[in-house]
Amino acid sequence: MFELNDLLLAFDFSPSSKRAFAYGADLLQRTDARLHLMHVQEVPQGPFQREPRSPVPTYKLEEEFEERCQDALSAHGLDADDDRLTFNAERADAVAPALVRYAESKDVGMIAMGTHGRRGVERAFYGSVAEETLRTAPTPVFTVQSPDDEEAAASIERIVAPVDFSNPSRGALQQAGRLATIYEAPLKLVHVVETPDTPSVYGPESPTVTSHKTKEKAETALEDWGSDLAGGDLTVSYVVHRGEPAPSILRSAPHETDLIVMATRGLRGVRRAMLGSVTEEVLREASGPVLAARDFPTSD
């Protein structure tokens, strides 16, 4: 089970990264987590590009970064002197490898970053920083787009967990349950029966069952998976859709206050260097934040 003791936030002062900052600040209020704020200044690459003759020393970069963070800190009731805050600024060839190196060196439990998504320019982000970070990071990655209303509170009011009955999916579900407890939010489990049916996960009778029977089997399996999470103060609901996975997942999380928690590989595995198309579409089109990882470790 991933730990939330340390959160790494990639902060470049863009609207989406400020949004990610707001979620990070909220998490600090709810847990004992430490927040690592990081700014990466990319070094120009190519035979005809050069660094400035007198680049600003790294310590100066960090000082300037901390100063620029003051407004964001104050807006969320935080102070730079808070011992749970760490500031790091560095130059690197590329942003994603720098984030991953830092995450590995500090053993952080989550990386958070803003994205441009559907409101940004084409797919540049998903072809580089977000995709590479998610593909190579040792921890789950939390992404969020710029809000329609920049003044809207960065709140999480529901956790949505897509389930395909794979081991990575089980790990994601466990983390979704933990986050639902932290945010005191209801948890919604979602399974998508694709068309045409791919019924091997529903039992030996599935090749000959009707669509209705297949859906019933999926509902039973989904409730069985959620049974360990239900009870106490946690409210759990279940929904089975028929259709394409990504659009069905997105329909289950239509609001900016919905957090989707999902594994990037499941029964199909990952045989591509790129992210799977389902994860990519969810990341690009989600109204609210998405927490994704190649693998969410399961608890014993």
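The values are calculated or read from the model by the stated rules, or taken from the named source; none is laboratory data. Small disclaimer: the values here were computed from a predicted structure and weren't measured. Because the Cβ atoms are built from the backbone with ideal geometry, glycine has one as well, and the counts that use them run over all protein chains shown.
Computed quantities for the displayed model
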| read-out | value |
| --- | --- |
| Residue identified as in a helix (DSSP H, G or I) and not small (Gly, Ala, Ser) among Glu63, Glu90 | Glu63 |
| Residues located in region 22-76, provided they are within 22 Å of Glu104 (Cβ to Cβ), touching a helix residue (DSSP H, G or I) at 6+ places or on another chain (Cβ under 7 Å) and either modelled with pLDDT under 70 or not small (Gly, Ala, Ser) (or both) | Thr31, Leu35, His36, Met38, His39, Val40, Gln41, Glu42 |
| Residues that are of a type in the set (Phe, Trp, Tyr) and without any contact (Cβ under 8 Å) to a residue 40 or more places away in the chain, drawn from region 133-147 | none |
| Selection count where residues are part of a strand (DSSP E or B) and either at pLDDT below 90 or of a type in the set (S, T, N, Q) (or both), scope region 77-87 | 1 |
| Subset tally (residues that are surrounded by 10 or more Cβ atoms within 10 Å (Cβ to Cβ) and either of a type in the set (Asp, Glu) or in a helix (DSSP H, G or I) (or both)) for region 224-233 | 4 |
| Set Val240, Val236: member being farther than 26 Å from Ala153 by Cα and either surrounded by fewer than 16 Cβ atoms within 10 Å (Cβ to Cβ) or at pLDDT 90 or above (or both) | Val240 |
